[in-house]
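This report concerns only the one structure given below.
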Amino acid sequence: MDGGNGPDGTTGTDTDGTTETTATTDSTTATATTTAAGTKIGVFLLDDHQVVRRGLRDMLEDEPDFEVVGEGATAAEALARVPALRPRVAVLDVRLPDGDGVTVCRELRSKLPELSCLMLTSFADEEALFDAIMAGASGYLLKQTLGPELVSAVRTVAGGESLLDPRLAAKVMAKLRAADEKKDPLAQLTSQEHKVLDLIGEGLTNRQIAERMFLAEKTVKNYVSAMLAKLGLTRRVQAAVMVSEIKSGQSRHR
């Protein structure tokens, strides 16, 4: 597959099978530093198709608040470059020549908890979707998603929110419902944490939850962090899926 050399000095494979490596320049490092300071939303792109990366780069950099700080064609390249570049969002292809984007997401987030990962795939892969959510991905979209929707999705996860392609969400919940029933994981939550979890399940942001519960937004954030820790989760989307699964189970037993 033609990986090509990205504009940031990434490694790619030419059509004759040879591999060329271009050193990362000082300007790339400066870009990452500027992005980390909050001037723009830094994005890293991982896809083994050079034409896909170029299309994503052009699409994102047409927006004033985005800056693509790096690219990669393989899992190894992403794992080596992202920790140094420290983007806000990593857009990851699920299927890669030397691994998979789900594993990349899990490993990167173990090093960079603040990183938001948006998974892209050409296939509605139920197993990969479930694994991506459990790995801490903020979102999972099909590559058929239209350009403006994709840009909006990157902006959403950059803001700390989560999303799922509606065509795939039903499959995740079906898988969760098929899992063996376990001891109620919510028993350890306080009443306030229960309320916050329910509102997350309704799709509310921290600010909206704060307004609904007449609390400070910082207090809500503390509740969310404590709740996720107790449930062994790392992302809001995991909590939202859990709420949906619980409600579905309750409706079946009525």
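With (1) open to solvent by 30 Å² or more (accessible area, probe 1.4 Å); (2) of a type in the set (A, V, I, L, M, F, W, C); (3) modelled with pLDDT of 80 or more as the list, and LEU176 as the residue in question, which single condition is left unmet?
Answer for LEU176: the failing condition is (3).
Six or more apart or on different chains, Cβ atoms under 7 Å: show the pairs whose first residue is in segment 134-162 and under 15 Å from THR234 (Cβ atoms) and at pLDDT 90 or above and whose second is small (Gly, Ala, Ser) and not in a helix (DSSP H, G or I).
Listed pairs, sorted by first residue: SER138/SER116; SER138/SER162; VAL157/SER116; VAL157/SER138; VAL157/GLY139.
Scan ALA84, ALA128 and give me the residue that is of a type in the set (Gly, Ala, Ser) and within 24 Å of MET242 (Cβ to Cβ).
The match here is ALA128.
Taking the stated definitions as given, is GLU63 in contact with a helix residue (DSSP H, G or I) (Cβ under 8 Å, 6 or more places away or on another chain), at pLDDT 50 or above and either surrounded by fewer than 16 Cβ atoms within 10 Å (Cβ to Cβ) or of a type in the set (D, E, K, R) (or both)?
yes
The values are calculated or read from the model by the stated rules, or taken from the named source; none is laboratory data. Source: prediction; values computed, not measured. Positions of Cβ are generated from backbone atoms using ideal geometry, with glycine treated the same way; all protein chains shown enter the neighbour counts. With ligands, DNA and RNA removed, areas are computed over all heavy atoms of the protein, side chains included. Shrake-Rupley method; radii C 1.70, N 1.55, O 1.52, S 1.80 Å.
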